[in-house]
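Shown below is the structure under consideration.
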Amino acid sequence: MNIANWLDASARRTPDAPALFYGTELHADYRGFAARARRIGEGLTRAHGISEGDRVAIFLKNCPEVLELIFGIWWIGAVAVPINAKLHAKEVAFILGDSGADLLVSDSGDVGDQAGSTDCPEIALGGVEWQHLIETDDCGGAPLTRGRDDLAWLFYTSGTTGRPKGVMLSHGNLISMSLCYAIDVDQVSSEQTILYPAPMSHGGGLYALPYIRAGARHVVPLSRGFDASEIEQLARHFDETVYFAAPTMIRRQIELSRANGYRGEGIRTIIYGGGPMYSGDLDDALELFGGRFAQIYGQGESPMTITVMSRDMVADEAHPNWRTRRESVGIAQACIEIRIADEDLRDLPSGVPGEILVRGDTVMIGYWQNDAATAEALHDGWLRTGDIGRLDEDGYLTLTDRAKDVIISGGTNIYPREVEEVLVRHPDVVEAAVIGVPDAEWGERIKAFVVVAPDCTTREPELEAWCRSEMASFKKPSLYTFLPELPKNAYGKILKRDLRELG
Ligand code: AMP
């Protein structure tokens, strides 16, 4: 089934129900939302030759049009390629090339120019061509029929190899994801409002699906991002609000609430995940806001979640093991099986840490045009997550480590290898290694260890400028140490362990 049928159904059932808001201002009701999606779909075909299976890339900061565009793309059986709005133009160009995108919709309309050049045609949101799209005749047709395994969402995650990989998610994956959400994460109803403070190119956008099925309201903050006082205002205004927040956002929200006395009025559920939540922060959050928190642990390869803790599970203080449960990432969601395995993929007994393997209906089809990476990640239907954890007797999963060395800063994953590759491209840099160091505000900060050519005076200012010109600013190291050489093992592999000890 085409998941765009959910929008079609809600628009028929409750056409006048308010659907999309920008701040507190109504942007479209369900009739208008579906009509705009149909027009965009039709316009993509007529003006840009897009048809089923073609990829359309979306490089936009959060706005209501993101949802209209995604559904317009799906309406005609095409594939959405969401791109994080914080990426550098050169990084966007890589994704456009790798995905073979036939069109890019961006805020500025000049990403191609900024990147040097791309072969991908580009239109600007709000420009003349966008206007033509939304003014295309509305033929009123139903979404094109799609099968369970037909591609819907091609999401680029950064790989440990440094090159982003396209995670292929089908209409079936997205439907299963949404059904699990409604069973395990939180109940969904038309009375609720979902806010989008986190990037809609990531899980934030996919969260829309169960709420579109329910005919609920969707609100994009005017800041187009996370601003704790704006969230408070919107929650009070709309009531029964739900949103996803990275642990860093929750910390900011708590700081503001301490200062102004806000106790979460108007918030139904804050779903946190994407990075470790320190238990002290969670205790503070529960004390101030009460049982309004649900947790998810997942990855792009199995959205939104692998494991989940509902609001009741997070707030529970009655079970004898409540403290260890609260520090876990919860239990497998309804359609997922988990096992913990050693390096040879043999099962480990409960309580013993090993790699987390998952199987089920939310697991991706594979990586786009990358059979080698797919074969590495998927074994007989089991996805190797690259995360290390242990399962207890009751099925609660606790994460202990990240096999992939990924740095999580402000809830965003930063892959050291990607940053290292940029650093070593600098003509004066001989070697570089990047690690995450603990940081009270961001979770982790990025620290680079750099070896420069002999007699060379290149230091932090030059490398800072270089990184700024080559990659998104959230990936730039904020700390540098210059060394005569990097510690290595007998095979010449850099010992990050030793670097961590250096701090
Ligand atoms: P991404 O594919 O960008 O969503 O990143 C997924 C990775 O983030 C996972 O493989 C974990 O390492 C980490 N992660 C996700 N959710 C959690 C969580 N609830 N607690 C700790 N780490 C998490």
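Compute the Cα gyration tensor for segment 407-502, then decide on rounded, prolate or oblate, letting a ≥ b ≥ c be the square roots of its eigenvalues: rounded whenever a/c is under 1.5, prolate when a/b is larger than b/c in the other cases, and oblate in all that remain.
oblate
For the charge dipole of the chain, defined by +1 on Lys and Arg C-beta atoms and -1 on Asp and Glu C-beta atoms about the Cα centroid, which residue among Pro427, Val329, Gly49 has the Cα displaced farthest towards the positive pole?
Checked the options; the winner is Val329.
Tally Lys and Arg at +1 and Asp and Glu at -1 over the other residues with C-beta under 11 Å from the C-beta of Ser170: what net charge comes out?
With Lys, Arg at +1 and Asp, Glu at -1, the net is -1.
Would you mind counting up the charge near Pro427? Only other residues with Cβ under 15 Å from its Cβ, with Lys and Arg at +1 and Asp and Glu at -1.
Numbers: positive: Arg425, Arg459; negative: Glu421, Asp428, Glu431, Asp455, Glu462, Glu470.
Charge balance near Pro427 sits at -4.
Using a 1.4 Å probe over the heavy atoms of the protein chains, calculate the carbon and sulfur portion of the accessible area of segment 407-502 as a whole percent. All intermediate terms of the calculation are to be shown ahead of the outcome.
Numbers: 2480 of 4890 Å².
C and S fraction of accessible area: 51 percent.
Right, next: Once you have the Kirkwood Rh of the chain from its Cα pairs, apply Stokes-Einstein at 20 °C and 1.002 mPa s and quote D in µm²/s.
Values: Rh = 23.7 Å.
Translational diffusion coefficient: 91 µm²/s.
Give me the accessible area per residue for the chain, probe 1.4 Å, as a whole number in Å².
Working: 20580 Å² over 503 residues.
Counting only protein heavy atoms, the per-residue value for the chain is 41 Å².
Can you list the lysines whose alpha carbon sits under 21 Å from that of Lys488, skipping same-chain ones fewer than 8 residues off?
Lys404, Lys447, Lys496
Going by the alpha-carbon gyration tensor, a ≥ b ≥ c the square roots of its eigenvalues, is segment 1-89 rounded (a/c under 1.5) or, if a/c is not under 1.5, prolate (a/b greater than b/c) versus oblate?
It comes out oblate by the Cα gyration axes.
Further question on the same structure: Placing unit charges on C-beta atoms (Lys and Arg positive, Asp and Glu negative, everything else neutral), compute the dipole magnitude of segment 4-391 about its Cα centre in debye, rounded to 20.
Using only the charged Cβ atoms, the result is roughly 500 debye.
Given only helices, namely DSSP H runs of n ≥ 4 each adding -39500 (n - 2.57), what is the per-residue ellipticity at 222 nm of the chain, to the nearest 500 deg cm²/dmol?
Details: 18 runs with 164 residues, N = 503.
Here the helix-only value at 222 nm equals -9000 deg cm²/dmol.
The values are calculated or read from the model by the stated rules, or taken from the named source; none is laboratory data. All figures in this text were calculated on a predicted structure; none of them were measured in a lab. All Cβ positions, even for glycine, are placed from backbone atoms using ideal geometry, and neighbour counts span all protein chains on display. Surface accessibility is based on the protein's heavy atoms, side chains included, excluding ligands, DNA and RNA. Shrake-Rupley method; radii C 1.70, N 1.55, O 1.52, S 1.80 Å.
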